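Participant: First the structure, which I've put down as structure tokens, then a few questions once you've had a look.
The values are calculated or read from the model by the stated rules, or taken from the named source; none is laboratory data. Note that the coordinates shown come from a computational prediction; the quantities given were computed from them, not determined experimentally. In this analysis, Cβ positions are derived from the backbone assuming ideal geometry, glycine residues included, and neighbour counts consider all displayed protein chains.
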Amino acid sequence: MKQIELERTYLAKYIPEGISECESKEVFDLYIPASVVHPVLRLRKSGDKFEITKKQPIYETDSSEQTEDTILLSDLEFEALSKVEGKKVRKIRYMYPHEGRIAEIDVFQDELEGLVVVDFEFETSEEKDSFQMPDFCLADVTQEEFTAGGMLCGKSYANIENSLSRFGYHKPIRII
């Protein structure tokens, strides 16, 4: 299924109150091939849903609008494909309601522990372009390549700490 994704990505300033009561799920991503610096092919287990997705920017200079080709997989298909060598990332995704929208708050695990990223998706470019950053967000990093899933996979927090420091990012004090 091919679709256009309109999205803005932010670094979290803090984790908002009430997040522990929100719907959440563990997300495991395997980006392939491992030999590519920024792979665009992603194998994902999100809760009990399995898929493979190819996600690429429509325009070279704007990462907020991407084409997304997704194929749903069975658990057996996912299991077989997950044996391929790739770069991994794991996070807990919270669906946090904010002013009539859902903020997808990703709390990264394992080697990226301490990184918290917030995504908002939109129906139109106008909505995306007029959206005001919430107070629990620190900086808009939509156009920053280092925050793309294909660039974060296989890295540690120490690998991206210098890039994060450019925005004054500090690990959120209240960890869930």
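Participant: If you take the residues of region 70-90 that are in contact (Cβ under 8 Å) with a residue 12 or more places away in the chain and in a loop (DSSP other than H, G, I, E, B), which of them is surrounded by the most Cβ atoms within 10 Å (Cβ to Cβ)?
Facilitator: From region 70-90, those in contact (Cβ under 8 Å) with a residue 12 or more places away in the chain are 70-75, 77-78, 81-82, 84-90; that's our starting set.
Next cut, in a loop (DSSP other than H, G, I, E, B) only: 74, 82, 84-86.
Working: Ser74: 9, Ser82: 16, Val84: 12, Glu85: 9, Gly86: 21.
Checking each candidate, the answer is Gly86.
Participant: In region 17-31, how many residues are of a type in the set (Val, Ile, Thr) and at pLDDT 95 or above? Lay out the reasoning, then the answer.
Facilitator: First, the residues of region 17-31 that are of a type in the set (Val, Ile, Thr): 19, 27.
Among the residues that remain, those that are also at pLDDT 95 or above are: 27.
So the answer is 1.
Here's the yes/no breakdown for (1) assigned to a strand (DSSP E or B); (2) modelled with pLDDT under 95; (3) more than 15 Å from the chain's Cα centre (by Cα); (4) not hydroxyl-bearing (Ser, Thr, Tyr):
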residue	(1), (2), (3), (4)
Ile15	no, yes, yes, yes
Ala34	no, yes, yes, yes
Val37	no, yes, yes, yes
Arg42	yes, no, no, yes
Ser64	yes, yes, no, no
Glu68	yes, yes, no, yes
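Participant: Okay, moving on. Can you tell me how many residues within region 128-142 are touching a residue at least 12 places away in the same chain (Cβ under 8 Å) and surrounded by fewer than 14 Cβ atoms within 10 Å (Cβ to Cβ)?
Facilitator: Filtering region 128-142 down to residues touching a residue at least 12 places away in the same chain (Cβ under 8 Å) leaves 128, 131, 133-142.
Then keep just the ones that are surrounded by fewer than 14 Cβ atoms within 10 Å (Cβ to Cβ); that gives 135.
Selection size over region 128-142: 1.
Participant: Also: Within 21 Å of Ser156 (Cβ to Cβ), among the charged types (D, E, K, R) and surrounded by 13 or more Cβ atoms within 10 Å (Cβ to Cβ): which single residue out of Glu104, Glu121, Glu111 fits that description? Quick ask: steps written out before the conclusion?
Facilitator: On the way: Glu104 fails: within 21 Å of Ser156 (Cβ to Cβ); Glu121 fails: within 21 Å of Ser156 (Cβ to Cβ).
The unique qualifying residue is Glu111.
Participant: A further question on this structure: Among residues belonging to region 44-62 that are in a loop (DSSP other than H, G, I, E, B) and of a type in the set (Asp, Glu), point out the one that is nearest to Gln143 (Cα to Cα). Before you say what the answer is, go through the steps one by one.
Facilitator: Here is the first cut: in region 44-62, the ones in a loop (DSSP other than H, G, I, E, B) are 47-48, 60-61.
After this cut, where a residue has to be of a type in the set (Asp, Glu) as well, the list is 48, 60.
On the way: Asp48: 30, Glu60: 10 Å.
Per the criteria, the residue is Glu60.
Quick grid of which residues meet (1) polar (S, T, N, Q); (2) within 21 Å of Asp135 (Cα to Cα); (3) touching a strand residue (DSSP E or B) at 6+ places or on another chain (Cβ under 7 Å):
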site	(1), (2), (3)
His38	no, no, no
Thr53	yes, no, yes
Ile58	no, no, yes
Arg90	no, no, yes
Met95	no, yes, yes
Arg101	no, yes, yes
